[in-house]
Every structure is written in structure tokens, then in C-alpha cells.
């Protein structure tokens, strides 16, 4: 596999190529910020919007969502989300997911996994639909990812 020429890197004596992760992250940030600015003029809403759902008190999940929010804010993506307590009902979470799905101002949705054991992750993820599934976990997006000639709406990291 050849490294992309526009990725900051240097040859090393060891096998492989050393990539400057911070520089790559900054390039990605700058590119996305520019793309978001360009999108703003084409959307019926002020800016792209990411919907999120966080259920529970897992520190790793809370940190991950916090980082996603910060990244969105830095590049101009609006955020609409809700933190639910660990003992929230599946029905309450499902109702909020449906609200995000129905909202034309929300362009993508992520449900932070794992959900508590009393919730059906598959059911919640299926509710999102292919067009707003930014994590690429909807079965239709997974199928499109692995089937020749298909392109998923979103490609997971």
C-alpha cells in the first residue's frame, strides 16, 4: 500500500512509513471545515446537524460523545442530542431517535454504543435508517459496504 503524497510523513529505517498523526488530523479538520462551509449554502437549514443519543454513565462513552461534540462545533456542524440515564426505558430512547429521524434539520444520527443490557441495540439502530446512519451500522449500510458495486451512504472509520 502506498502512502498518499499529501499526508505528512517521513521514511524510517524500520519497515513502513512514519505518519505525522497531528498533521493529518489538522488537514482533515481543515478540509472538513471547508466542506461544511460549502454545504451551508446548499441546505435549507443554517448548517449540517448531527443528532446523538447517549444512554448511561460510562466514562468512555461520555468522553467519546464529548469529543464528537467538540469536533462538530469546531468545524461548524450543529448538534442536537440527549443524554439519558442508565435506567431510561427503551421506549423513551426510541421516541427520541424517532424525533431525530423525523427532523429534516438533522442530517446524521449516532447512537453511542453500547446501550444498557435492557435495551435492544439492533432495534434502536434499525430505527435510524440508512440515510442518517453516520456510524454505518444499519444493516443496509453494512450490506452496501461489502457488496460489489454498492456504496454505503456513510463509510465507518
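Observations, loosely collected:
- Normalising by residue count, the stretch 56-98 has a Cα convex hull of 60 Å³ per residue.
- Peptides 27-35, 89-97 ranked from most to least packed give 89-97, 27-35, packing being the mean of other C-beta atoms within 10 angstrom over each peptide's residues.
- Extended-chain gain in nm, criterion 0.36 nm per residue less alpha-carbon gap, residue 23 and residue 39: 3.3 nm
- Taking the DSSP beta bridges with both ends in the chain, the antiparallel portion is around 20 percent.
- Each Cα pair under 8 Å and six or more residues apart adds its separation to the average, and for the stretch 1-142 the resulting relative contact order is 21 percent.
- Computed on the Cα atoms alone, the convex hull of the chain gives a volume of 158 cubic angstrom per residue.
- Under the simplified labelling scheme, the residue 30-residue 146 pair shows an inter-label distance of 3.9 nm, with each label point 7 Å from Cα along Cα→Cβ.
- Enclosed volume per residue, in Å³, of the convex hull spanned by Cα atoms of the stretch 18-91: 112 Å³
- Secondary-structure-derived ellipticity at 222 nm for the chain, considering helices only, amounts to -13500 deg cm²/dmol, per-run term -39500 (n - 2.57) for DSSP H runs with n ≥ 4.
Values quoted throughout were computed directly from the atomic coordinates according to the rules given, and no laboratory measurement underlies them. Please read these numbers as outputs of a predicted model, since none were measured by experiment. We place every Cβ from the backbone using ideal geometry, glycine too, and count neighbours over all the protein chains shown.
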